[in-house]
Structure formats: C-alpha cells, structure tokens
Amino acid sequence: MATSVDSGFDSLDDLRPDITIAVTEDSDVRMMGMMLLEAVDLSVDNSRFLECDSYVLVTKQLLQGKADVGVFLASAYDDLTTITKNKLKTLARSEISDIHHTLLLGPKLHAKRQEWQALMVSMNEDAVGLNILQSLGFEAWSPVSDEDMEFMIDLMNTLAI
C-alpha cells in the first residue's frame, strides 16, 4: 500500500473515508489491500476505486494526484525504479500468512482425498516434484484442516470486492 510523498498521508491511520484507491484487476492483491484498510475502518462502502491495467498505471495515478492510495503486489512495487519509488511512500507492506494458495479436489475425487494429499505434501521429497514446486514459486504443500479451509473461504468471501 503506497501513496505519493506529497499526499500528506504518513500511515494507514491518516486515511479517511471517501479516499480513491488505485488497484489492478488482481483480485488477490486487492483483497489483501482491503484487509489492511479494514483495520482503519475503510471498506468498499466508503471508498472509491480507480481500476488500472497495470501497476505502472497505479503509480501514475498516485503521482498525478488522481488516487490517494495504490495497492501493489510487493514484487511489482519492488521492481519500480528507484527514482519512481523516491516519489512514493509505503504506508503498509503485508506479509499476510493467513491466505495461501490451495489446491481443491472436486466431489468426484473425495474418496481419493487422503491419497492426493499424501502425494502433494511429499512433492518436495524428490527432484521432479521439487522442480515443479520451484517453478510455481512454492517450497512445499502443507495439509490444511477442514476448519482452516472454511475460515479461509469465509475470509475471502467477506473481503471480496
């Protein structure tokens, strides 16, 4: 979450209702941004959104004063030039660990759930599986309890825009 250095915002606590938030179509990044904003009582009901086709355009909206805050994928923000980043101020950087990539099986495969889970969780134990995981940017799969999965689904539904 970033803003222009000229915005007058120094932290998330400075943000008030009716701000304009520049976002891309990346729903996961947007959802995480909204999780951060929820802590300061901002929501889809009291904020405006400016849809942008790329993070470069999110940056442009901030620098032109057309948006108060921009929501970035951390790696996209990190890839901005130093000159550009010097014109921006980071308000928050999330390393949210409550939300994970999850592989779900359909109802027809329910009977093989334990078998699939064992295969996925052990992928990091052989070279081929480890190579696949690394190509996805993962280190390993972890088993998730039904309760944790229900929590994650409820969280995503609650924060969906």
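For the stretch 102-109, check the following and say yes or no: at least one residue is among the β-branched types (Val, Ile, Thr), within 26 Å of Asp18 (Cβ to Cβ) and within 17 Å of the chain's Cα centre (by Cα). No, every residue in the stretch 102-109 fails to be among the β-branched types (Val, Ile, Thr), within 26 Å of Asp18 (Cβ to Cβ) and within 17 Å of the chain's Cα centre (by Cα). When the residues of the stretch 77-101 are filtered to those that are basic (Lys, Arg) and assigned to a loop (DSSP other than H, G, I, E, B), the one that is modelled with the highest pLDDT is Lys87. Within the stretch 122-148, can you find the residues that are closer than 18 Å to Leu104 by Cα and either touching a Ser or Thr at 6+ places or on another chain (Cβ under 7 Å) or open to solvent by less than 60 Å² (accessible area, probe 1.4 Å) (or both)? Matches in the stretch 122-148: Ser122, Met123, Leu133, Phe138, Ala140, Trp141, Val144, Ser145. Of all residue pairs spaced 6 or more apart or on separate chains, those with beta-carbon atoms under 7 Å, a first member in the stretch 20-38 that is touching a residue at least 60 places away in the same chain (Cβ under 8 Å) and a second member that is hydroxyl-bearing (Ser, Thr, Tyr) and in a loop (DSSP other than H, G, I, E, B) are Met32/Ser94.
Looking across Leu42, Leu15, one residue alone is out of contact with any Lys or Arg (no Cβ under 9 Å at 6 or more places or on another chain) and either closer than 14 Å to Ala2 by Cα or in contact (Cβ under 8 Å) with a residue 24 or more places away in the chain (or both). It is Leu15.
Look through the stretch 36-52, keep the residues that are open to solvent by 100 Å² or more (accessible area, probe 1.4 Å) and over 16 Å from the mean Cα position of the chain (by Cα), and return whichever of them is farthest from Leu155 (Cα to Cα). Filtering the stretch 36-52 for residues that are open to solvent by 100 Å² or more (accessible area, probe 1.4 Å) and over 16 Å from the mean Cα position of the chain (by Cα), the one farthest from Leu155 (Cα to Cα) comes out as Arg48. Taking the condition under 29 Å from Asp154 (Cβ atoms), of a type in the set (S, T, N, Q) and either touching a residue at least 24 places away in the same chain (Cβ under 8 Å) or open to solvent by 60 Å² or more (accessible area, probe 1.4 Å) (or both), does Thr81 pass? Taking the combined requirement at face value, the residue does not satisfy it.
Here's the yes/no breakdown for (1) over 23 Å from Gly33 (Cβ atoms); (2) assigned to a helix (DSSP H, G or I):
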site	(1), (2)
Arg113	yes, yes
Asn131	yes, yes
Glu139	yes, no
Asp148	no, yes
Leu155	no, yes
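Exactly one residue out of Leu88, Leu155, Leu63, Leu103 is in contact (Cβ under 8 Å) with a residue 24 or more places away in the chain, out of contact with any Lys or Arg (no Cβ under 7 Å at 6 or more places or on another chain) and under 22 Å from Asp6 (Cβ atoms): that is Leu88. State which residue is farthest from Asp28 (Cα to Cα) when the search covers only the stretch 102-121 and only residues that are at pLDDT 90 or above and either in contact with a helix residue (DSSP H, G or I) (Cβ under 7 Å, 6 or more places away or on another chain) or of a type in the set (A, V, I, L, M) (or both). Among residues in the stretch 102-121 that are at pLDDT 90 or above and either in contact with a helix residue (DSSP H, G or I) (Cβ under 7 Å, 6 or more places away or on another chain) or of a type in the set (A, V, I, L, M) (or both), the one farthest from Asp28 (Cα to Cα) is Ala111. The one condition from (1) touching a Leu at 6+ places or on another chain (Cβ under 8 Å); (2) surrounded by 11 or more Cβ atoms within 10 Å (Cβ to Cβ) that Arg113 does not meet is (2).
The values are calculated or read from the model by the stated rules, or taken from the named source; none is laboratory data. Computed from a predicted model, the values in this text were never measured in an experiment. All Cβ positions, glycine included, derive from the backbone under ideal geometry; neighbour counts span all protein chains shown. Only protein heavy atoms, including side chains, enter the accessible area calculation; ligands, DNA and RNA are left aside. Shrake-Rupley method; radii C 1.70, N 1.55, O 1.52, S 1.80 Å.
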